[in-house]
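Below is one structure, written out as structure tokens, with a few remarks after it.
The values are calculated or read from the model by the stated rules, or taken from the named source; none is laboratory data. Note that the structure is a prediction, hence the values are computed from the model and not measured. Backbone-built Cβ (ideal geometry, glycine too); neighbour counts: all protein chains shown. Ligands, DNA and RNA are stripped out before the accessible areas are found, and what is left, the full protein with its side chains, is counted by its heavy atoms. Shrake-Rupley method; radii C 1.70, N 1.55, O 1.52, S 1.80 Å.
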Amino acid sequence: MTGALSGIRVLDTATLFAGPLAATLLGDYGAEVIKIEHPKGDPVRSHGAQRDGVGLWWKMLGRGKKAITLYLGSPEGQEIFKQLVADADVVVENFRPGTLERWGLGYDELSKINPGLVLTRVTGFGQIGPYAKRPGFGTLAEAMSGFAAITGEPDGPPTLPPFGLADGIAALTTAYAVMTALRAREQTGRGQVVDLAIIEPILTLLGPQIIAYDQLGTLQPRTGNRSTNNAPRNTYRTRDGSWVAISTSAQSIAERVMRLVGRPELIDEPWFASGAERAQHADLLDDAVGSWIADRDRDDVVKAFEEAQAAVAPIYTAADVMTDPQFAALGSITTVDDDELGPVKMQNVLFRLSETPGQITSAGAPLGAHTAEVLGGLGLDEPELAALREKGVIK
């Protein structure tokens, strides 16, 4: 089937995570994504786990993309880039503000070539403001947004996530921003600039912290796995050494949990009717739930909670995800054939569309695998490509 974004061409010049992942998500649903890398390669190729010298993170992040090399800092690279822009719908970049302008590739110039172009700029702090030209990474966004301040145990330090949380949230937001800009183009006929600061999307996802401080002067404390809004809400160890998590955001679920663990009398306490007040009695509730769970194996706990229609989930590792029947039913993990590694498993597309479903067509390609194909489409012949290789413009 033709992907929902078939006919959209994306030039992905960004490195590492937020920008490239946004382009990946667009490619999953049919956009043609041309990954433009420095001849040395995107740093993610050597980031994280490797197999036989091949970066596994790249295999996921580069999936479905045509991989070409092009040094944009050279006059020749800039000219070729302009030719690519002429037929593109979207450019994704994460250079420091002012870099594209210094290369003569700012939006004023690119929009002359292609008035419908959507230039998507993904940086740590955005294009304006006193921090705009600082190096910006997801870790800094996790710190500055307030995420780290509320994460961790009450008597412990602020805690950062062990993965690219802010980058991932920014990538999802960037893909949404691109689609918004493309929709506007249908109405106006013109493209525009998307200015996305990685510090902002995660700030929005943190919920009512800003308005609570504005209206009440309160700051959310670190509570570990507990919540200030309901209880019991925690992780609990089972008899066989596994862990489960439960949530009682709904009053009816909280009541079912207490009946299940043999403490129905707590439901009659005046404070039990409010999630916030239950949270003030978290020690008592955690003891009741935790002791019941500790006497049972994980599978028995999960089965009992399901029968009681109470919310529970086992704490999974990647190994557990790979064998879980619900993920299998959804098709959350897919197998992709790769010329370098053979069949590889990775996360599938984010959602299912009944008429135009997404698809992962390939894992991340070797560096420059499609350079000759893409630049040949611009009319460059092999002697010209050889000359560019000699100058270090391409690899």
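Quick one: is Asp337 closer than 26 Å to Arg352 by Cα, open to solvent by 60 Å² or more (accessible area, probe 1.4 Å) and modelled with pLDDT of 95 or more?
yes
When you go through (1) among the aliphatic types (A, V, I, L, M); (2) open to solvent by 50 Å² or more (accessible area, probe 1.4 Å); (3) in contact (Cβ under 8 Å) with a residue 12 or more places away in the chain one by one for Ile210, which number turns out not to apply?
Among (1) among the aliphatic types (A, V, I, L, M); (2) open to solvent by 50 Å² or more (accessible area, probe 1.4 Å); (3) in contact (Cβ under 8 Å) with a residue 12 or more places away in the chain, the lone unmet condition for Ile210 is (3).
Identify all residues within the stretch 1-37 that are in a loop (DSSP other than H, G, I, E, B), open to solvent by 20 Å² or more (accessible area, probe 1.4 Å) and out of contact with any Phe, Trp or Tyr (no Cβ under 6 Å at 6 or more places or on another chain); write none if there are none.
Met1, Thr2, Ser6, Gly7, Ile8, Thr15, Leu16, Phe17, Gly30
What is the residue count in the stretch 240-280 for residues that are open to solvent by 60 Å² or more (accessible area, probe 1.4 Å) and either more than 16 Å from Ala308 (Cβ to Cβ) or not in a helix (DSSP H, G or I) (or both)?
The number of residues fulfilling the criteria is 11.
Report yes if some residue within the stretch 49-62 is acidic (Asp, Glu) and surrounded by 17 or more Cβ atoms within 10 Å (Cβ to Cβ); otherwise report no.
So far as the stretch 49-62 goes, no, none of its residues is acidic (Asp, Glu) and surrounded by 17 or more Cβ atoms within 10 Å (Cβ to Cβ).
Looking at the structure I just gave you, is Ser291 modelled with pLDDT under 95 and closer than 24 Å to Pro314 by Cβ?
Criteria not met by Ser291.
Looking at (1) buried (at least 18 other Cβ atoms within 10 Å of the Cβ); (2) on the phi < 0 side of the Ramachandran plot; (3) not in a helix (DSSP H, G or I), which one does Phe81 not meet, given that it meets all the others?
That leaves (3) as the condition not met.
For the stretch 213-239, give me the residue count where each residue is exposed (fewer than 13 other Cβ atoms within 10 Å of the Cβ) and among the β-branched types (Val, Ile, Thr).
1
Collect the residues in the stretch 136-188 that are out of contact with any Pro (no Cβ under 9 Å at 6 or more places or on another chain), of a type in the set (D, E, K, R) and buried (at least 16 other Cβ atoms within 10 Å of the Cβ), keeping them in residue-number order.
Of everything in the stretch 136-188, those that are out of contact with any Pro (no Cβ under 9 Å at 6 or more places or on another chain), of a type in the set (D, E, K, R) and buried (at least 16 other Cβ atoms within 10 Å of the Cβ) turn out to be Asp167, Arg185.
For the stretch 168-216, what are the residues that are in a helix (DSSP H, G or I), acidic (Asp, Glu) and closer than 20 Å to Leu119 by Cβ?
The one that is in a helix (DSSP H, G or I), acidic (Asp, Glu) and closer than 20 Å to Leu119 by Cβ: Glu186.
Is it the case that some residue within the stretch 218-225 is out of contact with any helix residue (DSSP H, G or I) (no Cβ under 6 Å at 6 or more places or on another chain) and within 17 Å of Ala313 (Cβ to Cβ)?
Yes, there is a match, as at least one residue in the stretch 218-225 is out of contact with any helix residue (DSSP H, G or I) (no Cβ under 6 Å at 6 or more places or on another chain) and within 17 Å of Ala313 (Cβ to Cβ).
Any chance you could count how many residues in the stretch 291-310 are in contact with a helix residue (DSSP H, G or I) (Cβ under 9 Å, 6 or more places away or on another chain) and open to solvent by 40 Å² or more (accessible area, probe 1.4 Å)?
Residues that pass the stated criteria total 3.
Identify, from the list Leu119, Leu105, Leu110, the residue that is of a type in the set (A, V, I, L, M), within 21 Å of Lys395 (Cβ to Cβ) and open to solvent by less than 10 Å² (accessible area, probe 1.4 Å).
Leu105
Looking at Gly379, Gly331, Gly358, which one is in contact with a helix residue (DSSP H, G or I) (Cβ under 9 Å, 6 or more places away or on another chain), among the small types (Gly, Ala, Ser) and surrounded by fewer than 14 Cβ atoms within 10 Å (Cβ to Cβ)?
Going through Gly379, Gly331, Gly358 in turn, just one is in contact with a helix residue (DSSP H, G or I) (Cβ under 9 Å, 6 or more places away or on another chain), among the small types (Gly, Ala, Ser) and surrounded by fewer than 14 Cβ atoms within 10 Å (Cβ to Cβ): Gly379.
Any residue in the stretch 244-254 that is on the phi > 0 side of the Ramachandran plot and without any contact (Cβ under 8 Å) to a residue 60 or more places away in the chain?
There is no residue in the stretch 244-254 that is on the phi > 0 side of the Ramachandran plot and without any contact (Cβ under 8 Å) to a residue 60 or more places away in the chain.
Among the residues in the stretch 131-152, are any touching an Asp or Glu at 6+ places or on another chain (Cβ under 7 Å), under 20 Å from Ala175 (Cα atoms) and assigned to a loop (DSSP other than H, G, I, E, B)?
no
Starting from the stretch 312-338, keep only residues that are touching a residue at least 60 places away in the same chain (Cβ under 8 Å), then list their pairs with residues that are open to solvent by 40 Å² or more (accessible area, probe 1.4 Å) and not in a helix (DSSP H, G or I) whose Cβ atoms are within a distance under 6 Å, requiring at least 6 positions of separation or different chains.
Correct list of pairs: Ile315/Trp243.
Check the stretch 190-198 and report whether any residue there is hydrophobic (A, V, I, L, M, F, W, C), over 16 Å from Phe305 (Cβ atoms), open to solvent by 40 Å² or more (accessible area, probe 1.4 Å) and out of contact with any Asp or Glu (no Cβ under 7 Å at 6 or more places or on another chain).
yes
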